[in-house]
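Shown next, in structure tokens, is the structure this report addresses.
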Amino acid sequence: MTDEPTLMLMLRDGDEDALAELYARLGGHVHALAWWLLNDREEAHEVLQDTFDRLFRRAHQYRPELGSPRAFIYTVARNEALSRLRARGARPVLDGDEDLLGELSTPSASPDLDTRMMVQGALVHLSAHDQTLIHDSFFLGLSHGEIASAHALPLGTVKTRVRRALARMRRTLEGS
């Protein structure tokens, strides 16, 4: 089995098999990330496709000294999803959407949205690195071992940072 850094180097040289292998390994995680950010399965699938298309065209931008291939791919996916969210925000309100907006503004009408917003608010208070660890663990479902490998960190360090980040989030949520 070829490791991810080697696959990225092969991809830089235009190897489509390397792209297929990265897609097989990370496609599910990329889709989950996009779905979590966008809350739309179809749009998440489009982000998945766009991410790997961009990855194939721009593999030369990957710098191993700056992070793991997994982190690079997740960053590309996150940026694709955020671009779509920004585009959504730029859309005008259409006829009939006022009723929907009124329903969404009622807290009891959308407890899941409220919870998501609270968690997002707590995440903002973490360092960028801790946000990434929490995201990888809880939103992508990676094990601590997988996170350690993806970020080139000792397993114990990952466990400690995740535990401390969760404690900070808990304190933030309890204070709100």
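Per-structure values
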| read-out | value |
| --- | --- |
| 3J(HN,Hα) from dihedral phi, the stretch 58-65, Karplus parametrisation 6.51/-1.76/1.60, rounded to Hz, x for glycine, proline | 10, 4, 5, 7, 5, 10, x, 5 |
| Rg to Rh quotient for the stretch 110-171, alpha carbon positions, Kirkwood Rh | 1.01 |
| Per-residue ³J(HN,Hα) for the stretch 143-160, Karplus 6.51 cos²θ - 1.76 cosθ + 1.60, θ = phi - 60°, Hz, x for Gly and Pro | 6, 4, x, 5, 5, 4, 5, 5, 9, 6, 10, x, 4, x, 5, 4, 4, 5 |
| Set of the stretch 19-38 residues, backbone N closer than 16 Å to the point 7 Å along the Cα-Cβ line of R12 | 19 |
| Relative contact order [Cα under 8 Å, 6+ residues apart], the stretch 1-91, whole percent | 33 percent |
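Quick note: the coordinates plus some simple rules give every number you see, no bench work behind them. For clarity, every value in this text was computed on a predicted model and none was experimentally measured. Cβ atoms come from the backbone with ideal geometry, glycine included; neighbour counts cover every protein chain shown.
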